[in-house]
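Undergrad: Supplied in structure tokens, the structure appears directly below.
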Amino acid sequence: MDDEGLEDAAIFLMSLGEEQAAEVFRHLGPKEVQRLGETIAKLKVVPRERVETVLTRFTADAGDQSMLVADTNEYVKSVLRKALGDDKANLLIDRILQGSDVSGIESLKWMDPSSVAELLRNEHPQIVAAILVHLDFDQSSGVLKCFSERHRNEVLIRIATLDGIQPTALKDLNEVMSKVLAGGDKLKKASMGGVKTAAEIINLMGTSVETSVLDYIREADGDLAQKIMDNMFTFDDLNKLDDKGIQSLLKEVQSESLIIALKGATPELREKIFKNMSTRAAETLREDLEARGPVRLSEVESEQKEMLKIVRRLADEGQIVLASGGDDEFV
């Protein structure tokens, strides 16, 4: 949700009054509650026209939707039990609603990272890794920042090599949190962890920690370290650079390389590139892109990787600022 959408939601909740707003908050996740709460706290004065616009839009949107059942999970359970009897229904219910209950782990999402770190500090790195992949990347990053360097590195290498979590393991994890998972042993393993997850978490930890972690992983498995680095900043992530960053990048890239790289770019990224060029240069690039015939995917990916190397170099030199978990570090 963008900033305007957040403000609209906050204005709507404020118009409901405390009791009704509290009912809405009960259905939201921890991150949503925090973001909405912060937005409400910042809204001191709201123009009447803005309030009326928000309420009118909500009324229109609500009119287009209809809730047939208040709690679909409970509805499924009730219907199956009435149709099949408790024994047969129970065999199906876990399969139908698989993965919907990780209550012990979910409870961690409401805690601040330092408290979660304290809870997990003495657990085996494999257990910590399996728990952290259930949390948001920024929360996992905050937890790992509270660990010692060695413990942090051991957890991250396990996150990077994690290819899923079996149901029995999920049950064990919830027992660590003093809760028991509902579900059977025949459930498919949850698709969590892996190189991309490790890369997303490392991305949010800042330069010094990033270097330490990647050096540690590189010693254990050079290929794995390279895969993580490849996932830490993708070509599409150029959209996240500000205009100054795009302009710095364009000064370093040859026009031929840029044409080939952009053959595989999203329309959104192409427009961002055009916007940061002179009108004449942008028109020339558009014409060259249209005139260029099909290009091998391997060629496109090669040029995109070269551009990403330039991005990393400019970032190291402080000319480009990449997102780093909100701590304004250069990476």
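Undergrad: Being within 25 Å of the chain's Cα centre (by Cα) and in contact (Cβ under 8 Å) with a residue 60 or more places away in the chain is the filter; apply it to region 213-226 and report the residue that is nearest to ALA315 (Cα to Cα).
TA: VAL213
Undergrad: Among (1) surrounded by fewer than 16 Cβ atoms within 10 Å (Cβ to Cβ); (2) assigned by TED's automatic domain parsing to the domain that holds ILE157, where does LEU224 come up short?
TA: Of everything listed in (1) surrounded by fewer than 16 Cβ atoms within 10 Å (Cβ to Cβ); (2) assigned by TED's automatic domain parsing to the domain that holds ILE157, LEU224 misses just condition (1).
Undergrad: Let me ask you something else. Quick one: would you say THR53 is over 21 Å from ASP138 (Cβ atoms), in a helix (DSSP H, G or I) and in contact with an Asp or Glu (Cβ under 9 Å, 6 or more places away or on another chain)? Quick ask: steps written out before the conclusion?
TA: Numbers: over 21 Å from ASP138 (Cβ atoms): yes; in a helix (DSSP H, G or I): yes; in contact with an Asp or Glu (Cβ under 9 Å, 6 or more places away or on another chain): yes.
So THR53 passes the test.
Undergrad: Would you check which residues across region 239-251 are in contact (Cβ under 8 Å) with a residue 60 or more places away in the chain and surrounded by 14 or more Cβ atoms within 10 Å (Cβ to Cβ) and list them?
TA: LEU241, GLY245, SER248, LEU249 - these are the residues of region 239-251 that are in contact (Cβ under 8 Å) with a residue 60 or more places away in the chain and surrounded by 14 or more Cβ atoms within 10 Å (Cβ to Cβ).
Undergrad: Any idea which of (1) touching a Lys or Arg at 6+ places or on another chain (Cβ under 7 Å); (2) modelled with pLDDT under 85 is the one LEU13 doesn't satisfy?
TA: Status for LEU13: all satisfied but (1).
Undergrad: Restricting to region 256-289, give me the number of residues that are under 33 Å from the mean Cα position of the chain (by Cα) and either hydroxyl-bearing (Ser, Thr, Tyr) or not assigned by TED's automatic domain parsing to the domain that holds GLN304 (or both).
TA: Final tally of qualifying residues: 2.
Undergrad: Next question. Does region 237-259 contain any residue that is in contact with a Gly (Cβ under 8 Å, 6 or more places away or on another chain) and more than 14 Å from ALA315 (Cα to Cα)?
TA: Residues of region 237-259 in contact with a Gly (Cβ under 8 Å, 6 or more places away or on another chain): none.
Within region 237-259, none of the residues are in contact with a Gly (Cβ under 8 Å, 6 or more places away or on another chain) and more than 14 Å from ALA315 (Cα to Cα).
Undergrad: Looking at (1) surrounded by 17 or more Cβ atoms within 10 Å (Cβ to Cβ); (2) over 26 Å from VAL33 (Cβ atoms), find the lone condition where HIS124 falls short.
TA: Single failed check for HIS124: (1).
Undergrad: Take the conditions assigned to a helix (DSSP H, G or I) and modelled with pLDDT under 80 and apply them to GLU19. Does it pass? Explain how you work it out, then say what you get.
TA: Details: assigned to a helix (DSSP H, G or I): yes; modelled with pLDDT under 80: no.
Here the answer is no, as GLU19 does not meet what is asked.
Undergrad: How many of the residues in region 277-323 are more than 29 Å from MET229 (Cα to Cα), surrounded by 13 or more Cβ atoms within 10 Å (Cβ to Cβ) and among the hydroxyl-bearing types (Ser, Thr, Tyr)?
TA: 1
The values are calculated or read from the model by the stated rules, or taken from the named source; none is laboratory data. This structure is a prediction, so every number in the text was calculated from the model and none was measured. Heads up, the Cβs are rebuilt from the backbone with ideal geometry, glycines too, and the neighbour counts pull from every protein chain shown.
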